[in-house]
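Remarks on the structure that follows.
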Amino acid sequence: MPFLRKLYTILIDLFETLVIAGGIFVVIYAFLFRPYQVNGESMIPNFHNGEYVLTNLITLRLGDVEKGEVIVFKAPSNHDKDYIKRVIATAGDTVMIRDGKVYVNSQLVDEREYLPSTFSTSNGNFIKPGDIISVPEDRFFVLGDNRNASSDSREWGFVRRDEIVGKSMLVYWPPSEFRFIHAAQYGN
């Protein structure tokens, strides 16, 4: 009998621990941080296929999305899928792509901080050569860092604020690639 009582106590303690740990995980996943796996080549050279990114949900609720930040959002064509892209322009900005370069508010966006100078940005179905588009309220113009292999705002338009999952915070897997993600700084 004492053995069964000890076993029962151990099992109850184990069950309570698992329930508490599960509850903590659910709170963290739903309200604080969420993992995201990079799929594809659209963010090379800064993010690679298979890397895991921790996405911060808190800062999205507390502040604005800024130009240069890397965000995770629901894919426009399939809301069961998430995309990761860089915010190039926010509400009230104008965007133009000319001669392989991006202009926000008629100013060339200096992307040397995160892209090699050889990268070129082409137009797409949404923004055609010579077009100057204005970003509406609660919308964002986003681009993948690997412009030749990215489905982004050039093709399907703006990202709505309510489609954004969170801001990318750090790459945590593989461990050899661990790094914090900082917003690119450009003054447009």
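Below are the figures for this structure:
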quantity	calculated
Candidates Leu108, Leu11, Leu143: whichever shows maximal mean-square fluctuation once the chain is modelled as a Gaussian network with Cα springs under 10 Å	Leu11
List Tyr172, Tyr36, ordered by accessible area with a 1.4 Å probe, largest first	Tyr172, Tyr36
Amide H within-cut-off set for Ala75, under 5 Å, with H built and near neighbours excluded	Lys81, Asp82, Tyr83
Mean separation of Cα contacts under 8 Å (6+ apart) over length of segment 62-188, as relative contact order %	31
The chain: most fluctuating residue of Ile97, Ile20, Ile133 per GNM, C-alpha cutoff 10 Å	Ile20
Anisotropy class of segment 42-92 from Cα gyration tensor, a/c 1.5 cut	rounded
Total lysine pairs under 22 Å (Cα atoms) in segment 6-118, excluding pairs fewer than 8 apart on one chain	4
nm² value of the averaged projected area, convex hull over the Cα atoms of segment 31-188	8.7
Residue-averaged [θ]222 nm for the chain, counting only DSSP H segments that reach four residues, each worth -39500 (n - 2.57)	-5500 deg cm²/dmol
Segment 76-87 - phi-based ³J(HN,Hα) in whole Hz, Karplus 6.51/-1.76/1.60, Gly and Pro as x	x, 8, 8, 5, 7, 10, 10, 10, 10, 8, 9, 6
GNM top mover of Val87, Val19, Val102 - the chain, alpha-carbon springs below 10 Å	Val19
For segment 1-107: accessible area per residue (Å², 1.4 Å)	60
Percent accessible area from carbon and sulfur atoms, the chain, protein chains only, probe 1.4 Å	58
Solvent-accessible ranking of Asp93, Asp162, Asp138, largest area first, probe 1.4 Å	Asp162, Asp138, Asp93
Segment 131-188: translational diffusion in µm²/s, Stokes-Einstein, Kirkwood Rh over Cα pairs, 4 °C, 1.567 mPa s	93
Within straight-line cross-link reach of Lys167, aspartates and glutamates at Cα separation under 13 Å, skipping those fewer than 8 residues along the same chain	Asp64, Glu66, Glu69, Asp82
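The values are calculated or read from the model by the stated rules, or taken from the named source; none is laboratory data. Predicted model, so just to flag it, every value in this text is computed and none were measured. Surface areas here come from the heavy atoms of the whole protein model, side chains and all, with no ligands, DNA or RNA. Shrake-Rupley method; radii C 1.70, N 1.55, O 1.52, S 1.80 Å.
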